[in-house]
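Worksheet: the structure to be examined is printed underneath.
Throughout, read-outs are computed from the coordinates displayed, never taken from laboratory work. Quantities reported herein were computed from a predicted structural model and do not represent experimental measurements. Backbone-built Cβ (ideal geometry, glycine too); neighbour counts: all protein chains shown.
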Amino acid sequence: MNVRTAYLLPALVLILAGCSELTKVVTSAGVATGKISEDQAKSVNRSAEAIEKTFQDITPEQEYYIGRSVAATIFASYKPYEQAAINQYVNLLGQTLALASEKPETFGGYHFYVMDTEEINAFAAPGGLILVSRGLIRCCRNEDALAAVLAHEIGHVEKLHGLKAIKKGRLTSALTTLAVEAGKNLGGEQLAEVTKAFEGTISDITGTLVNSGYARELEFEADAAAVRILRKVGYSPQGLVDMLDQMQKKLKPGSHGFGATHPTPKDRIEAVRKVMGTPGTLTDPPARKQRFTAAVARV
Amino acid sequence: MLRNLVIVLGLALIAPSPAAAAPTRMNVQVQSGQVRVTPTFLGKILVTVPYGVSVEVLKQQGDWMQVKTLQGQTGWMHKSALTTKKISMSAGTTTAKTGASSDELALAGKGFNAQVESEYKAKNKNLNFAAVDRMEKIKIAPPEMQTFLAAGGVKPSEGGVQ
């Protein structure tokens with residue numbers, strides 16, 4: 001491929017993203033005039049189609065690598081809470097709940113960890129890496145409530161909410177490079193370009209998770225998923241209402257975390273009650289109560 | 001006779017059409033696809049199939065697919081571990097044998113991989129990948145989950161770990 005063609009291919013895709021039919025016409029012209037080969041034309045056409053599908057085109061493997069970097073970025077701001085007992089407990093509970101989700105298996109599986117902060121917050125990185133703050137765990141008075149917190153985050157993973165935060169057009173340049181260089185190890189320039197797109201992707205997602213929050217509808221969707229998961233496993237969805245009640249009491253006006261990124265607990269309770277139907281009673285057998293109290297004792 | 005004919009025709013109408021049957025070949029879309037002896041997460045793992053490798057689907061039972069691996073072993077995989085899309089492999093990895101599919105999973109499958117992560121990591125040394133690695137090591141086996149639920153008096157309704 002000569003230098004001119006190297007510039008021509010990405011340019012074609014960038015200009016014509018979202019209009020694959022037009023792309024086909026132009027690439028045909030490119031082939032006719034000898035500017036690009038048949039194979040390159042096919043490659044560009046495929047890229048344009050891929051761009052139209054945006055986040056759906058992210059493979060499970062990519063979702064995994066995006067999730068790892070999102071979690072590593074969050075851990076740079078929120079220190080991990082290094083206490084084995086609570087981390088083992090949230091994994092026992094969380095990984096058990098995840099098996100009842102619509103997406104029990106992900107590329108790298110579901111893993112949970114506590115963040116050492118009083119702030120009421122939690123993050124679900126794509127692929128199933130879920131971080132929960134000490135502050136949010138303190139809003140839970142029983143295991144059912146903590147199960148609700150984790151099930152809500154699993155809901156975000158299941159519904160691919162993180163990937164939906166990637167800005168439109170962000171992957172365009174990466175897709176173009178990859179289409180042209182398909183099957184090869186990425187060379188210096190291509191690697192730099194794809195890494196740039198990767199950086200942008202991580203920043204889109206962490207920016208949404210940490211600062212702006214998802215759209216209210218996505219939070220309600222995650223709450224609805226939590227109700228479904230809790231019921232399936234055998235926990236009471238009343239745990240979610242109980243936790244939100246506590247959160248309402250603890251959230252200070254203008255606080256960071258859920259106070260800034262989520263609908264108010266009051267609004268969430270209202271929406272949850274609609275999907276919950278009969279609330280049922282929250283039973284807390286002694287053994288369950290005891291292990292919960294022991295696990296969160298130092299949190 | 002007429003009544004029988006009506007019943008037979010009625011049955012024909014409600015019978016599933018061949019098009020609705022489970023796809024015959026699917027690709028593993030998780031890092032390590034677990035093929036189990038029984039259609040449950042508690043089922044013993046017979047063999048694991050790597051990401052991108054195809055399996056033959058024999059039948060579907062709820063959320064589980066009975067599959068036959070390329071080596072001829074038969075077992076059950078959860079449907080979330082499988083896709084009809086063709087998996088594009090990362091550059092540098094061994095090309096997997098994939099089933100024919102009209103819908104390719106992302107050209108971008110060749111990027112955003114370990115190579116890109118290490119490049120990103122080198123440029124952003126403040127990020128805490130060590131914590132992510134520690135987190136990923138915590139794996140709970142389904143029998144442990146079952147014991148956890150039973151000990152806490154949590155009775156699953158359907159699906160989940162059972």
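Which whole-Hz ³J(HN,Hα) couplings does the stretch B:54-60 yield from phi under the Karplus relation 6.51 cos²θ - 1.76 cosθ + 1.60, θ = phi - 60°, glycine and proline marked x?
So the Karplus estimates, Gly and Pro as x, are 8, 10, 8, 8, 8, 6, 10 Hz.
Among A:H256, B:H78, A:H152, which comes first, then next, by fewest other beta-carbon atoms within 10 Å? Spell out each step's value before the answer.
Details: A:H256 15, B:H78 21, A:H152 28.
With the fewest neighbours first, A:H256, B:H78, A:H152 line up as A:H256, B:H78, A:H152.
How much net charge surrounds B:P143 when only the other residues with a Cβ under 14 Å from the Cβ of B:P143 are counted, with Lys and Arg +1 and Asp and Glu -1? Don't skip to the end; give the middle numbers.
Working: positive: B:R36, B:K44, B:K139; negative: B:E144.
Neighbourhood net charge equals +2.
Taking the beta-carbon count within 10 Å as an exposure proxy, list B:V49, A:V296 from fewest neighbours to most. Walk me through the intermediate numbers first.
On the way: B:V49 25, A:V296 21.
Ordered from fewest to most neighbouring Cβ atoms within 10 Å, B:V49, A:V296 come out as A:V296, B:V49.
Which far-off residues, 5 or more places away or on another chain, put their amide H under 5 Å from the one on B:K86, with H placed in the peptide plane?
For B:K86, whose amide H was placed from the backbone, the distant partners under 5 Å are B:D103, B:E104, B:L105.
Could you give the nm distance between label points at A:A85 and B:I45, where each point is 7 Å from its Cα heading toward the beta carbon?
Label at A:A85, label at B:I45, 3.0 nm between them.
Are there any trypsin sites (Lys or Arg not before Pro) in the stretch A:207-299 that are in a DSSP loop and have at most 12 other Cβ atoms within 10 Å? List them by number.
Details: sites: A:R216, A:R228, A:R231, A:K232, A:K249, A:K250, A:K266, A:R268, A:R273, A:K274, A:R288, A:K289, A:R291, A:R298; in loops: A:R298.
Here the sparse-neighbourhood loop sites are A:R298.
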